[in-house]
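The next block holds one structure in the form of structure tokens; read it before the comments.
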Amino acid sequence: MKGGEGQGFTRRALLRTLGGLGAAAGAAAVGVARPAPTWAQQHGGHGAPGMGQGHKVAALSCAEQFEAAVGEGHGFGMAFAADRNGYPGPRHILELKTELRLTADQEAKVAALLHAMLGESRPKGVRLLEAERRLERLYADGGAGEASVRAAAAGVERARSELRLVHLLTHLRTRDLLTREQRDAYHKIRWGTTTG
């Protein structure tokens, strides 16, 4: 998902992608906690009244994008807390290497971090997807009970936490490879402002 030529995965592109999902579903898809809208609280959180086929297609599309990205080791928004606050990630830095005027040494170091991150995050992403499938199978097979759902949900969150940590810690390591000016330029391109 690219937000524009040379801009990589931007907030605008994410919002376009999630546009048909609604605020609560879109926030949940990227791991952002938001209170459920009143209609969701009143109707069991199963969608807005009159939610049509288009919304279901958008939700399935988002789920497919999540599975594809996470299966390849990408974070699919798991490091937004870092990225939005001045700790850029290696993939997006490399996508913006021209705009950021990376030196050859910086590019090599960032590429090495990306390679290491993906090496660690791919198997963790696969484990997260497997945990999600186990949870879904409980319901699909009619075997969901309180104890089994609690255990499966805990497994999902454990796997998500392990994957998220890989991405967040890589953002920490990546930040110091850029100058203050490069970090500000990155933040302006990705988020529309400079860092504080």
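Every read-out reported here was derived from the displayed coordinates using simple, explicitly stated rules and does not represent laboratory data. These numbers come from a predicted model, not from an experiment. We place every Cβ from the backbone using ideal geometry, glycine too, and count neighbours over all the protein chains shown.
Structural remarks
- Stretching Glu157 away from Ala111 to a fully extended chain increases their span by 13.7 nm, per 0.36 nm per residue minus the current alpha-carbon distance.
- Note on Glu99 and Ala144: with the Förster distance fixed at 45 Å, the Cβ-Cβ geometry gives a FRET efficiency of about 0.40.
- Peptides ranked, highest mean first, by Cβ atoms within 10 Å: ranges 114-124, 159-169, 138-148: 159-169, 114-124, 138-148
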